[in-house]
Amino acid sequence: MGLNGDHFCLELENGTKPGANDLGLEKEPRTKAIEDAVKVLLQGLGEDVNREGIKKTPLRVAKALREGTRGYKQKVKDIVQGALFPEVGLHDRVGHAGGAGGLVIVRDLDMFSYCESCLLPFQVKCHVGYVPSGEQVVGLSKLSRVADIFAKRLQDPQRLADEVCSALHLGINPAGVAVILQCWHIHFPNLESVFHDPKHQGWIKVLVSSGSGVFEKENADAWCDFLGLLKFTGVTADKILTRDSAKKSWCPSYSSSVAKGSSELIAPNPRMVAAVASIIGSLGEDPSRKELLETPSHFVRWLTNFQNTELEMKFNGFTCGIKDVLKPNGECSHNHQQLHTELSLSFWSQCEHHLLPFHGVVHIGYLCPEGFNPIEKSLLQSIVHFYGFKLQVQERLTRQIAETVSSILGGDTMVVVEANHTCMISRGIEKLGSNTATIAVLGQFSTDPAIRALFLERIPSRTTSGMF
């Protein structure tokens, strides 16, 4: 039985209809300013801002950024006030419990933030604890909500930990607060490295901590209890980075600029740099803050990975020169077809709807006559990279790879793409850990369920590289 659209109206808990808040956001001057800046970025990439598919990208990007940095408009006291509850400690006994010294920890809070060095979202698993004092405790959900206020800003892992720790200490006046963050930053390869480093590590992980009161000293006894309750998550004291090492090993864009020096880096498009600086200002930040001075240049250099006509010319010349890709290795039989597969080819791309990265693996299956050698993996990987390093959507990427492989073979092809989308975690429903699969089938694969099933059976389970 279908739903009647005239009578079906989903309402949120606060009584507003879906999209009602978005309408208010769309009309705000800051949103419009970000929209205009995003148009400059798209034009800098050589895109037609009126093209179907990216026509609404500036608005989508503006709304995602405003929502993802809403912490600038929120205050800790608005959350904590009214959430402190009386709770007695032990009665006439030696020890700590309840509202007088009993350690409280909330573990595995999944959230995201935006890197202040490159503006890309990064994922966070937050563990926060405190030791109550004054015979009062705070509502557990408030620990998460306070952490989210500071996560929803342009951040660095160590400063994020410090700000959450300081805010909770001031807001609930405990004997001490401890915060540990596990952070994952996408390490997007550039066009040169992606061909020379097939084992490119796609994520950078850091573990940082911050403490106040009884947790202020790193070797305090309170830390032993806190870490003891985190051991099953893989968090140990020896893995926590010092403040200096965390900064140096964090953002790939920052590390690259420090390693090469400004003189060795290609100067980015000044109009695009100015547009990113205006976006930062529209979010409520100060673009002249020391940590943000190079951020516009970092972001533009990363974005221009998807504007490389040289790659297209090389690829077109390469494929035009391909002859007899399928070479016989002995006696051949055109009456018998063999299934060949190339699995888990890595790809990196950029969502054209939100200007956010998505990445994953491509599995290719094809039929060729018995006795012929399969296509070289390097050719198939080149096809994947060619279509990946563009403003893309996963459905189109899957189709284009399938059509190109089929045109080279002149035959039957099936392609499966599995991907993690940053836009799924940093906006809207914020579904951390989700992934997407798409399929394209051509020729015999489209009419033969048995051969499709055989190919799908060969795909390793959960090949996408999630963080958690």
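The values are calculated or read from the model by the stated rules, or taken from the named source; none is laboratory data. Here the structure is a predicted model, which is why all the values come from computation and not from measurement. With ideal geometry, Cβ positions are generated from the backbone for all residues, glycine too; neighbour counts draw on all protein chains shown. Remember, those area values only see protein heavy atoms, side chains included, never the ligands or the DNA or RNA. Shrake-Rupley method; radii C 1.70, N 1.55, O 1.52, S 1.80 Å.
Just so you know, in the range 340-357 the residues that are crowded, with 20+ Cβ neighbours inside 10 Å and touching a Cys at 6+ places or on another chain (Cβ under 8 Å) include one that is nearest to Pro460 (Cα to Cα), and it is Pro357. When Ala147 is tested against (1) under 30 Å from Ser297 (Cα atoms); (2) in contact (Cβ under 8 Å) with a residue 40 or more places away in the chain, exactly one condition is not met: (2).
Residue-by-condition table, conditions (1) in a helix (DSSP H, G or I); (2) open to solvent by 40 Å² or more (accessible area, probe 1.4 Å); (3) of a type in the set (Ser, Thr, Tyr); (4) at pLDDT 85 or above:
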residue	(1), (2), (3), (4)
Asp36	yes, yes, no, yes
Ile54	no, no, no, yes
Lys63	yes, yes, no, yes
Phe85	no, yes, no, yes
Asp92	no, yes, no, no
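Being closer than 26 Å to Asp48 by Cβ, of a type outside the set (Gly, Ala, Ser), in contact (Cβ under 8 Å) with a residue 40 or more places away in the chain and surrounded by fewer than 21 Cβ atoms within 10 Å (Cβ to Cβ) is a property that holds for Val393. Note on the range 272-297: residues that are of a type in the set (Asp, Glu) and more than 23 Å from the chain's Cα centre (by Cα) total 1. If only residues of the range 65-83 that are of a type in the set (Gly, Ala, Ser) and at pLDDT 90 or above are counted, the one that is farthest from the chain's Cα centre (by Cα) is Gly71.
The one condition from (1) modelled with pLDDT under 60; (2) open to solvent by 20 Å² or more (accessible area, probe 1.4 Å) that Gln307 does not meet is (1). Taken over the range 124-147, residues that are closer than 19 Å to Arg70 by Cβ, open to solvent by 10 Å² or more (accessible area, probe 1.4 Å) and in contact with a strand residue (DSSP E or B) (Cβ under 6 Å, 6 or more places away or on another chain) amount to 1.
Against the conditions (1) surrounded by fewer than 18 Cβ atoms within 10 Å (Cβ to Cβ); (2) modelled with pLDDT of 95 or more; (3) polar (S, T, N, Q), Thr413 satisfies every one except (1). Residues in the range 212-224 that are farther than 17 Å from Cys126 by Cα and part of a helix (DSSP H, G or I): 3 in all.
Scanning for something out of contact with any Phe, Trp or Tyr (no Cβ under 7 Å at 6 or more places or on another chain) and among the charged types (D, E, K, R), does the range 123-130 turn up at least one residue? No - not one qualifying residue is present in the range 123-130. On the given criteria, is Ile180 surrounded by fewer than 23 Cβ atoms within 10 Å (Cβ to Cβ), at negative phi and hydrophobic (A, V, I, L, M, F, W, C)? It is false that Ile180 is surrounded by fewer than 23 Cβ atoms within 10 Å (Cβ to Cβ), at negative phi and hydrophobic (A, V, I, L, M, F, W, C).
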